[in-house]
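What follows is a set of notes on a single structure, which appears directly below.
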Amino acid sequence: MFSDKDIAHFSKLETPFYYYDLNLLESTLKACKKAADTYKFHVHYAMKANFNPIVLKKIEAIGFGADCVSGGEVKKAIDVGFKRKKVVFAGVGKSDKEINDALDNDIFCFNVESVQELSVINELAEKKQKKAKVAIRINPNVDAHTHANITTGLDENKFGVNSWDMPACAAVLNISPNLEFIGIHFHIGSQITNMDVYKNLCVRVNEFATWFEDHGFKVTVLNVGGGLGIDYHNPDQQIPNFETYFKIFADFLEVKPYQEVHFELGRALVGQSASLISRVLYVKNGKKKNFIILDAGMTELMRPALYQAYHKIENLSQSKIVNAESESVRYDVVGPICESTDCFGKEVELQESFRNDLIAIRSTGAYGEVMASHYNLRETVQTVSSEDLN
Ligand SMILES: *Cc1c(COP(=O)(O)O)cnc(C)c1O
């Protein structure tokens, strides 16, 4: 929800830009921290959701670690001030250079996604006379019941080691003196809103933890990944229910006294804290369709084009005009990019809209700015934060 003051401020700025509500971000982080602390759970923030430094600094300050999926993210996490001992590195295709750099940085743990990767890390660590801490990322074949393109924990997905490869992992670990096995890791998908999915995950985590312990490996870290969803239809319902989420794991995971439970939340921490603010360039009324053409496109926010993601769209200029006569119109809200998928929403019901109206595309704090591109030679998208407005 934007105040009149926010909107007055936006109207003076060049569009498009991402607007970050840092107060909301902080409240969300605090709510998560408090809920996690209840159970002594550890949170690593999944950096790929948003690596804008203004966001990262707040997250580092609250005491969360960093979950990275590339060498670039590992470097950025350390540059921003995350403790090396709180940096984990997952990814199905880590290059030798990325592994070497992470070894040099003495990060907390590699989340290893294939049997072959185990051998490679062992070899590279041996050359440096180091011992690399590793957790096995297991593909538990649990359906996340989310969009197919953001499901990661089924047999047909490329991520993690499949259950039938556990004996091969154990064999490699047993002959790899430069690896220190610390635990098991899971991440089954994103934008998960059905809590039963997490119950199913807990059952699998318990099974795999038992398997490793039965085979002589001490499992000290149970890393259950992230994926907690946000309510895209109610962007003003802003803070996810972290209590309910963590309680599922507290109730269903079998945690031994020497075991730590780790989480890797991305979207849930940052998703509601930003909106993409844009202006209407043109309105085209046709026979079959009415179009609003914005100055923001898929180059600023790719989620709708990439996985038909829904974002609530609001006309900030018209919503503030109290006019009983103002009619709502159905528009396809599109961007200027030369692609038909460059569309933020079809048949969106909005107040009648006009050139230069300010439009907010809500809940864009996660997987928004980080996916921006220069396609069509578009300029880098700008950032404005609530602190800039004060
Ligand atoms: C993307 C990712 C996450 C975070 O997912 P969210 O849905 O944003 O919470 C966590 N762990 C790994 C390994 C990931 O790749």
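Output the residues belonging to the stretch 137-167 that are open to solvent by less than 40 Å² (accessible area, probe 1.4 Å) and not in a strand (DSSP E or B). Even if it seems obvious, please write down each step before you answer.
Pass one, the stretch 137-167, residues open to solvent by less than 40 Å² (accessible area, probe 1.4 Å): 137-140, 142, 144, 146, 150-154, 157, 160-162, 166.
Listed by number, the residues that qualify are PRO140, VAL142, ALA144, THR146, ILE150, THR152, GLY153, LEU154, ASN157, GLY160, MET166.
Is it the case that LYS48 is within 16 Å of the ligand (Cβ to nearest atom), free of Cβ contacts under 8 Å to residues at least 60 places away in the same chain and either in contact with a strand residue (DSSP E or B) (Cβ under 7 Å, 6 or more places away or on another chain) or assigned to a helix (DSSP H, G or I) (or both)? Working first, answer last.
On the way: within 16 Å of the ligand (Cβ to nearest atom): yes; free of Cβ contacts under 8 Å to residues at least 60 places away in the same chain: no; either in contact with a strand residue (DSSP E or B) (Cβ under 7 Å, 6 or more places away or on another chain) or assigned to a helix (DSSP H, G or I) (or both): yes.
So LYS48 fails the test.
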- Within the stretch 273-287, is there a residue that is at pLDDT 95 or above and within 16 Å of the ligand (Cβ to nearest atom)? yes
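Can you tell me how many residues within the stretch 29-47 are open to solvent by less than 70 Å² (accessible area, probe 1.4 Å) and over 20 Å from LYS85 (Cα atoms)? Can you show your working first?
If we filter the stretch 29-47 for residues that are open to solvent by less than 70 Å² (accessible area, probe 1.4 Å), which is where we start, we get 29, 31-33, 35-36, 41, 43-47.
This time we only want the ones that are over 20 Å from LYS85 (Cα atoms), so: 29, 31-32, 35.
Total meeting the criteria: 4.
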- Note on the structure: Those residues of the stretch 63-97 which are open to solvent by less than 60 Å² (accessible area, probe 1.4 Å), within 16 Å of the ligand (Cβ to nearest atom) and assigned to a helix (DSSP H, G or I) amount to GLY71, GLY72, GLU73, VAL74, ALA77
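Checking the condition of a type in the set (Val, Ile, Thr) and either at pLDDT below 95 or open to solvent by 10 Å² or more (accessible area, probe 1.4 Å) (or both), which residue from ILE184, ILE175 passes?
On the way: ILE184 fails: either at pLDDT below 95 or open to solvent by 10 Å² or more (accessible area, probe 1.4 Å) (or both).
After applying the criteria, what remains is ILE175.
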- Determine whether THR193 is at pLDDT below 95, assigned by TED's automatic domain parsing to the domain that holds MET47 and in contact with a strand residue (DSSP E or B) (Cβ under 9 Å, 6 or more places away or on another chain). yes
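Residue by residue, here is whether (1) touching a Ser or Thr at 6+ places or on another chain (Cβ under 8 Å); (2) open to solvent by 10 Å² or more (accessible area, probe 1.4 Å) holds:
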{"site": "SER273", "(1), (2)": "yes, no"}
{"site": "ALA296", "(1), (2)": "yes, no"}
{"site": "THR341", "(1), (2)": "no, yes"}
{"site": "ILE361", "(1), (2)": "yes, no"}
{"site": "TYR367", "(1), (2)": "no, yes"}
{"site": "VAL370", "(1), (2)": "no, yes"}
{"site": "SER373", "(1), (2)": "yes, yes"}
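Only one residue in LEU253, LEU269 is among the hydrophobic types (A, V, I, L, M, F, W, C) and touching a residue at least 60 places away in the same chain (Cβ under 8 Å). Which one? Write out each step before concluding.
Values: LEU253 fails: touching a residue at least 60 places away in the same chain (Cβ under 8 Å).
On inspection, the qualifying residue turns out to be LEU269.
Table: residues versus (1) more than 25 Å from PRO53 (Cα to Cα); (2) modelled with pLDDT under 95; (3) of a type in the set (A, V, I, L, M); (4) out of contact with any Lys or Arg (no Cβ under 6 Å at 6 or more places or on another chain).
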position	(1), (2), (3), (4)
LYS83	no, no, no, yes
ASP101	no, no, no, yes
LYS128	yes, no, no, yes
ALA135	yes, no, yes, yes
- Looking at (1) under 17 Å from ILE54 (Cα atoms); (2) in contact (Cβ under 8 Å) with a residue 40 or more places away in the chain, which is the one condition that is false for ASP388? (2)
- Please find, among LEU173, LEU179, LEU154, LEU118, the residue that is of a type outside the set (Gly, Ala, Ser), out of contact with any helix residue (DSSP H, G or I) (no Cβ under 8 Å at 6 or more places or on another chain) and within 22 Å of TRP211 (Cβ to Cβ). LEU154
- Message: Let me spell it out: the conditions are (1) open to solvent by 20 Å² or more (accessible area, probe 1.4 Å); (2) within 16 Å of the ligand (Cβ to nearest atom); (3) assigned to a loop (DSSP other than H, G, I, E, B), and HIS311 meets all of them except one. Which number is the exception?
- Response: (1)
- Query: All but one of (1) assigned to a strand (DSSP E or B); (2) in contact with a His (Cβ under 8 Å, 6 or more places away or on another chain) hold for VAL134; which doesn't?
  - Reply: (2)
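Yes/no per residue for (1) of a type in the set (S, T, N, Q); (2) in the same structural domain as GLU314 (by TED's automatic domain parsing):
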| site | (1), (2) |
| --- | --- |
| TYR198 | no, no |
| THR210 | yes, no |
| VAL219 | no, no |
| VAL224 | no, no |
| TYR245 | no, no |
| LYS256 | no, no |
| VAL283 | no, yes |
- Does VAL384 satisfy being out of contact with any Lys or Arg (no Cβ under 8 Å at 6 or more places or on another chain), aliphatic (A, V, I, L, M) and surrounded by fewer than 20 Cβ atoms within 10 Å (Cβ to Cβ)? yes
- Filter the stretch 229-259 for residues that are over 18 Å from the mean Cα position of the chain (by Cα) and within 16 Å of the ligand (Cβ to nearest atom); the one that is least open to solvent (accessible area, probe 1.4 Å) is PHE249
- Residue pairs qualifying under the 6 Å Cβ cut-off, at least six apart or on distinct chains, with the first in the stretch 51-67 being farther than 22 Å from VAL384 by Cβ and the second being away from the ligand (no atom under 15 Å from the Cβ) and in a helix (DSSP H, G or I), are ILE62/LYS33
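The values are calculated or read from the model by the stated rules, or taken from the named source; none is laboratory data. Everything quoted here is computed from the prediction, not taken from an experiment. Note that we place each Cβ from the backbone using ideal geometry, even for glycine, and neighbour counts take in every protein chain shown. Surface areas here come from the heavy atoms of the whole protein model, side chains and all, with no ligands, DNA or RNA. Shrake-Rupley method; radii C 1.70, N 1.55, O 1.52, S 1.80 Å.
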